[in-house]
Amino acid sequence: MRMRPCALAVVGMLVLLQLAPAARADTLPPQFMAQYDAAQAYLQLLQDADAANSPEQLDSPHTLALLAAVTDRRGILEQAYTPQDLGLLAGACEYGKTLKTRLMLFGAPTDPVAVLMQTGQLDRLQQLGAHNAERFNAHLQRLLPYLLQCGARMQPLLDQWLGTASPAELAGLGPGGADTLRQNAQRQYLEILAVVTAQPGPSALKQTLVTALAEAASAYARMLQPAQRLQVKQALGEAAAQVDGRYVTALESAADAFNGGRCGTLCRM
């Protein structure tokens, strides 16, 4: 079954990996503790608004300030980390994925997994995702670039970790190992590109996302093998042919990064 763009974006958005168990909230470093508190508060407001069928409750400055704390690029992603911190970073990125998914499924009457399993329900899921992407534009302008930035930030740390990991640690990645990590990275990038092409007409979200796609392109290209890079480059070219001209330069710049490019440790495994 081939998923349409918004449905693809709703059900995916995987972070790259979980190399270590999530830390307990009371043992988190300060920047992660602040993010944890903000994520929990935002999620509660989101659940309350969904239960009340009142999306306007999420439009308050307080709610957006909480989201800004969750997606704080400088405070979370731009700190100095070692490969041993990948588990913490993956957890910090998981907050963004969880909140994004809940936003895209705002108003879903049933469990989203059950919806996907039911024949004929995929169209409804796609329509809901498209509606929510437009309704929560300001929220997704923070969440979706943050997910791209997460993958780009973890890429060099992941390469370092893979270069020194023991066979037992590598086995902990699961049966798919490096293949799964590469597939997840490719999927995440393409899912956010799908949100761009699914947006009707020009929008602030579209501009934010094409800029983020271009900025993250080199890091994602280093994780992917040549055939995967070619697939992403082709998807970017197709997107550039569909969108308004103001977005073309950024998409072409992103495509250039997938044209060959350096191959990191994950790519070579």
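Odds and ends about this structure:
- Looking across region 56-114, the residues that are of a type in the set (S, T, N, Q), more than 14 Å from the chain's Cα centre (by Cα) and in a helix (DSSP H, G or I) come down to GLN57, THR63, GLN84.
- Enumeration of residues in region 146-161 that are touching a Lys or Arg at 6+ places or on another chain (Cβ under 9 Å) and either hydrophobic (A, V, I, L, M, F, W, C) or not in a helix (DSSP H, G or I) (or both): LEU147, CYS150
- Qualifying residue in region 185-206 (condition: among the aromatic types (Phe, Trp, Tyr), at pLDDT 95 or above, closer than 28 Å to ASP123 by Cβ and open to solvent by less than 10 Å² (accessible area, probe 1.4 Å)): yes
- All conditions but one from (1) of a type outside the set (Asp, Glu); (2) in contact with a Gly (Cβ under 9 Å, 6 or more places away or on another chain); (3) open to solvent by 50 Å² or more (accessible area, probe 1.4 Å); (4) modelled with pLDDT of 95 or more apply to HIS131; the one that does not is (4).
- Lone unmet requirement of (1) modelled with pLDDT of 90 or more; (2) open to solvent by less than 60 Å² (accessible area, probe 1.4 Å); (3) outside any loop (DSSP other than H, G, I, E, B) for GLN44: (2)
- Tallying residues that are in contact with a helix residue (DSSP H, G or I) (Cβ under 7 Å, 6 or more places away or on another chain) and among the basic types (Lys, Arg) within region 168-198 yields 1.
- LEU58, sole failed condition from (1) open to solvent by 80 Å² or more (accessible area, probe 1.4 Å); (2) modelled with pLDDT of 90 or more: (1)
- Condition met for GLN149 (under 11 Å from the mean Cα position of the chain (by Cα) and of a type outside the set (D, E, K, R)): yes
- Taking the criterion of being of a type in the set (D, E, K, R), under 30 Å from ALA165 (Cα atoms) and part of a loop (DSSP other than H, G, I, E, B), the only residue of region 211-269 that qualifies is ARG262.
- Considering LEU144, LEU162, the condition of being crowded, with 22+ Cβ neighbours inside 10 Å, touching a residue at least 24 places away in the same chain (Cβ under 8 Å) and not basic (Lys, Arg) is satisfied by LEU144 alone.
The values are calculated or read from the model by the stated rules, or taken from the named source; none is laboratory data. These figures come from a predicted structure and were not determined experimentally. Positions of Cβ are backbone-derived with ideal geometry, glycine not excepted, and every protein chain shown enters the neighbour counts. Calculation scope for accessible area: heavy atoms of the full protein, side chains included, ligands and nucleic acids excluded. Shrake-Rupley method; radii C 1.70, N 1.55, O 1.52, S 1.80 Å.
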